[in-house]
Structure formats: structure tokens, C-alpha cells
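One structure is given below, encoded as C-alpha cells.
The values are calculated or read from the model by the stated rules, or taken from the named source; none is laboratory data. All values reported here derive from a predicted model rather than from experimental measurement. FYI the Cβ positions are ideal-geometry reconstructions off the backbone, even for glycines, and counts take in every protein chain you see. In case anyone asks, the SASA skips ligands and DNA or RNA and just uses the protein heavy atoms, side chains included. Shrake-Rupley method; radii C 1.70, N 1.55, O 1.52, S 1.80 Å.
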Amino acid sequence: MKVRELIFDSILLGIKPGETALVKYTPVSSPEILLYLMISRCMEKGVPIIIDDIADTFSEYITRLKILGLPTGDLLKVPVIKIGGNKNVGKVLGKVEIRRYSLDFAVYSEVYEKVVPEEPVCNPVLGIHRLFVSLDPQDARRLVRNIASFVGNETRFAVYFINCETLGERPSEILGLLEEIATSVFRWELHKEVYKLSVVKSPNLDILGSEISFSVKDLFKLMKLSLD
């Protein structure tokens with residue numbers, strides 16, 4: 001394995017059980033590619049995965065990956081907890097309804113406890129910003145507090161993918177609160193033909209402040225390695 005792939009593993013798969021990580025991405029940076037890499041490496045290393053799919057976001061990721069020409073068969077075998085939405089993509093293990101654009105974390109916890117494996121699980125959370133955009137300030141802060149309550153839960157390491165340009169009129173407030181409660185913060189960006197993963201916050205001082213850049217060509221080579 002090349003040095004760059006080793007560094008990639010040390011960042012995304014170096015997140016410790018109990019951590020809540022935040023991946024901030026822009027609307028044009030194709031977060032599905034980063035999810036694809038993460039899941040591929042987890043599968044190779046035998047790390048269990050459970051995806052929280054909010055409002056059919058996972059279905060959209062799968063569609064865009066197919067358009068890119070990437071095989072998605074393995075991703076469709078990944079266990080999924082559906083939170084709202086109606087497209088059963090992936091191996092759906094449980095469902096949580098969204099009422100008044102809010103998530104009942106007591107119900108979610110019941111579903112999660114029934115399906116979580118004994119060893120720590122990688123838990124990507126897709127589409128959380130879709131809840132925030134529809135909430136009033138009080139409910140948005142309550143959602144942040146509920147997310148914070150899972151920090152330290154050593155059955156998982158959670159990775160929240162959030163489109164940081166869709167939080168309405170309160171992006172600084174919500175992002176500031178989320179960045180404060182998160183143990184790790186990453187930024188995923190696309191500049192011209194270069195994707196970049198940056199470590200903004202981390203308890204691991206060896207990777208804090210580090211960056212990995214991939215050209216589109218290199219990135220597809222890396223994804224090919226993940227499949228082989």
C-alpha cells in the first residue's frame with residue numbers, strides 16, 4: 001500500500017470508539033466519494049458498519065456513484081437505519097419516523113441497541129443538515145444536544161456528513177455548536193480537479209492539521225485499489 005493510502009487510513013480509520021466526528025463538505029465536493037472510500041476500507045479491515053440514512057440521502061449517494069461508473073453492490077449490503085424517507089436502499093435493519101421535522105432520539109436509541117454488533121461499529125450519518133434546515137432555533141439547539149449525548153458511546157464511532165452551506169440563516173451558530181461537541185472535525189473540498197481532506201480538529205495530535213490531496217485521476221486509482 002502506498003504512503004498516501006496509509007495516511008488516509010490513519011485519518012478516517014484512526015477515529016476512536018466513542019468519538020463523534022464531523023465531515024464538513026461543500027455542495028460540489030461529492031461526499032459520496034469519501035463515503036465510498038471509508039466503507040471500502042472498513043470492509044477490507046473487517047470493521048462493522050451501520051449507516052444512518054436521513055431523508056433518503058444514502059439513495060442519492062448510491063445513484064451518483066453509479067453515474068460515476070463505480071460498482072455499488074457491496075455498499076448495498078451495508079446495514080442501514082432509515083430515518084425518514086421511503087427508499088429502502090441498503091440492508092435496512094430498522095426505521096425511525098421523523099415528526100415535525102424532528103428526530104425522536106429515544107426511538108432511535110431503541111432501534112440502534114437492537115442492531116448494534118458487539119464490537120465497535122463505524123456509523124456514518126448522512127443528511128443531518130436536512131433536519132437542521134427545517135427547525136426553529138430552539139429545536140435546532142435541542143438536536144445538537146441530542147447528538148452530543150452520544151459522544152463517549154464506545155459501541156461506535158460516528159461520522160456526521162454535513163453540507164455546511166445549507167443551514168439557512170444560522171450556519172455559524174449551528175456549525176459552531178457542532179464543531180464544539182465533535183471530537184474530530186474534517187473538511188472535504190474540491191478545488192478544480194483536486195479533492196482535499198483536511199483535519200481541522202482531532203484528539204490525535206499526530207494528524208491534527210494534516211491534509212491529503214488527490215487528483216481526480218489518483219482518487220479513482222485509490223478507489224480501484226479499494227475494490228481489488
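Quick look at the numbers
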| quantity | calculated |
| --- | --- |
| Percentage relative contact order, the chain, counting C-alpha pairs under 8 Å, at least six apart | 28 |
| 5 angstrom amide H check on SER202, placed H, neighbours 5+ away | VAL185 |
| Loop-located GluC sites (Glu not before Pro) in region 114-180 whose Cβ has at most 16 other Cβ within 10 Å (DSSP) | GLU118, GLU154, GLU165, GLU169 |
| Amide H partners (placed H, <5 Å) of ARG156, local residues excluded | GLY18, VAL121 |
| Region 17-140, relative contact order in percent, only Cα pairs under 8 angstrom and at least six apart counted | 29 |
| Volume in Å³ per residue [convex hull over Cα atoms, computed for region 1-97] | 126 |
| Within the chain, helix-based [θ] at 222 nm, where runs of 4 or more DSSP H residues each add -39,500 (n - 2.57), nearest 500 | -11500 deg cm²/dmol |
| Cα-centre dipole for region 56-207 with unit charges at Cβ (Lys and Arg positive, Asp and Glu negative), debye to 20 | 420 |
| Solvent accessible area, Å² - CYS164, 1.4 Å probe, full protein context | 30 |
| Region 1-113, dipole about Cα centre (Lys/Arg Cβ +1, Asp/Glu Cβ -1), debye to the nearest 20 | 260 |
| Interchain or long-range residues, amide H under 5 Å from VAL96's placed H | LYS82, ILE83, GLY84 |
| Accessible solvent surface per residue of region 74-164, calculated while the other protein chains remain in place, 1.4 angstrom probe, Å² | 49 |
| With every protein chain in place, the chain: carbon and sulfur % of accessible area (1.4 Å) | 52 |
| DSSP loop trypsin sites (Lys or Arg not before Pro) with at most 14 other Cβ within 10 Å: longest gap in the chain | 3-99 |
| Cα gyration tensor shape for region 96-197, rounded if a/c is under 1.5, else prolate or oblate | oblate |
| Relative contact order of region 171-218, pairs being alpha-carbon contacts under 8 Å that are 6 or more residues apart, as % | 28 |
| More than 30 Å apart - percent of Cα-Cα pairs taken over the chain | 18 |
